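See below for the structure under consideration.
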Amino acid sequence: MTTVTLLNEKGTGTDNARLYEVTMGSYSIQTLVTASPSRAGSWLGTYTRNREDLVVGLDVEWRPNTQPNMQNPVATLQLCVDNHCLIFQILHAPSIPRSLTSFLANTDFIFVGVGIQNDVDKLLRDYNLRVSNFDDLCFLAAQELEIFGLHWAGLTTLARDVLDLDYHKPRHVTLSPWDTRFLTNDQVGYAAIDAFLSFQIGHFLIQ
């Protein structure tokens with residue numbers, strides 16, 4: 001069972017930042033949701049400064065493409081380190097912080113996710129953000145666990161096989177309007193858990 005609790009809120013407009021606690025079983029994920037470049041930059045400084053060989057869970061969401069050849073832009077970028085998650089509403093941000101650009105380009109960090117190549121390609125196409133060092137959790141898990149079929153696994157399967165954790169991704173949230181200015185609690189929980197599980201699986205397989 002997942003619960004999402006708003007802990008505090010600061011600022012208005014694009015400077016707005018909401019801090020949530022997302023709880024899934026015994027896990028508690030401190031989650032910052034913001035479109036503010038400065039607040040996103042502060043998050044990066046707090047949780048990634050002076051760290052080397054850092055594993056980072058990465059995921060993106062966008063409004064579902066409902067027509068052939070439709071390519072809706074990335075609406076949210078999720079990053080997770082330990083039990084701290086940033087949901088950066090990049091579609092609504094007035095600018096991209098330089099700290100984010102340099103963070104994603106830092107080859108000392110490895111960004112992990114399921115189907116991450118597609119996410120990396122979309123970030124480059126939509127925002128000219130280059131992720132320099134990344135690895136797909138499916139290939140990592142298949143190699144480390146020596147289970148060939150995991151090459152095509154989804155996040156729920158990897159959570160079960162790597163972490164022994166049952167997790168269900170609600171389809172109605174997957175297909176929800178991620179470009180909305182204010183995310184619902186269901187969206188916050190979904191986005192945070194995706195990035196958090198990516199971090200947990202990657203940390204288990206790499207460290």
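Amide H contacts for LEU129 (H built 1.01 Å from N in the peptide plane; partners 5 or more residues away or on another chain; cut-off under 5 Å): LEU124. The residues SER132, SER42, SER36, SER198, when put in order of fewest to most other Cβ atoms within 10 Å, stand as SER132, SER42, SER36, SER198. The helix-only estimate of mean residue ellipticity at 222 nm for the chain, built from DSSP H runs of length n ≥ 4 each weighted as -39500 (n - 2.57), is -11000 deg cm²/dmol after division by the residue total. When you filter the trypsin sites (Lys or Arg not before Pro) in region 1-105 for DSSP loop state and at most 16 other Cβ atoms inside 10 Å of their Cβ, you are left with ARG49, ARG51.
Which trypsin sites (Lys or Arg not before Pro) in region 158-207 pass both tests, a DSSP loop state and at most 16 other beta-carbon atoms within 10 Å?
Working: sites: ARG160, ARG171, ARG181; in loops: ARG181.
In loop regions of region 158-207 (DSSP not H, G, I, E or B), the sparsely surrounded trypsin sites (Lys or Arg not before Pro) are ARG181.
Between the alpha-carbon centers of region 36-62 and region 174-201, tell me the distance in whole angstrom. The distance from the Cα centre of region 36-62 to that of region 174-201 comes to 16 Å.
For each of ILE29, ILE110, ILE193, count neighbouring Cβ atoms within 10 Å of the residue's Cβ, then give the residues from fewest to most. Write out the running numbers ahead of the final one.
On the way: ILE29 24, ILE110 19, ILE193 27.
Exposure proxy ranking, most exposed first: ILE110, ILE29, ILE193.
By the Cβ-Cβ criterion of under 4.7 Å, the unpaired cysteines of the chain are CYS138. Taking the Cα centre of the chain as reference, the dipole from Cβ charges on Lys and Arg (+1) and Asp and Glu (-1) amounts to some 740 debye.
Per-residue Karplus couplings for region 172-182, computed as 6.51 cos²θ - 1.76 cosθ + 1.60 with θ equal to phi - 60°, are listed in order as 5, 7, 3, 9, 7, x, 6, 8, 5, 5, 10 Hz, Gly and Pro entered as x. What the pair-distance distribution of the chain shows, using all Cα-Cα distances binned every 10 Å from zero, is 9, 37, 39, 14, 1 percent.
Length available on full extension from SER26 to ASN133: 0.36 nm per residue minus the Cα-Cα distance, which gives 35.5 nm. Based on Cα contacts under 8 Å between residues 6+ apart, the chain shows a relative contact order of 23 percent.
Filter the chain for me: DSSP H helices, axial length by Cα at least 24 angstrom, mean Kyte-Doolittle hydropathy not below -0.5. List them by residue number. Mind dumping the intermediate values first?
Working: long enough: 185-206 (31 Å, 0.70).
Helices meeting the span and hydropathy rule in the chain are 185-206.
With R₀ fixed at 25 Å, the C-beta to C-beta distance from ARG51 to ARG171 puts the FRET efficiency at about 0.10. ALA75 sits among other residues whose Cβ lies under 13 Å from its own Cβ, and their net charge, with Lys and Arg +1 and Asp and Glu -1, is -2.
Compute the FRET efficiency between ILE147 and ASP15 as 1/(1 + (r/R0)^6), taking r as their Cβ-Cβ distance and R0 = 45 Å, and round to the nearest 0.05. The partial results should precede the final answer.
Values: r = 46 Å, r/R0 = 1.03.
For ILE147 and ASP15, the calculated efficiency is 0.45.
What is the order of HIS168, HIS84, fewest Cβ neighbours within 10 Å to most? Provide the component values of the computation, followed by the final result.
On the way: HIS168 8, HIS84 19.
Sorted ascending by nearby Cβ count, the order is HIS168, HIS84.
Each listed q (0.12, 0.23 Å⁻¹) maps to a log10 I(q)/I(0) for region 100-207 from the Debye sum over equal C-alpha point scatterers, namely -0.46, -1.33.
Bear in mind that the values in this text are calculations on the coordinates, not laboratory data. Treat the numbers as computed from the prediction; the structure is a model and nothing was measured. Cβ coordinates were reconstructed from backbone atoms using ideal geometry, including for glycine residues, and neighbour counts include every protein chain displayed.
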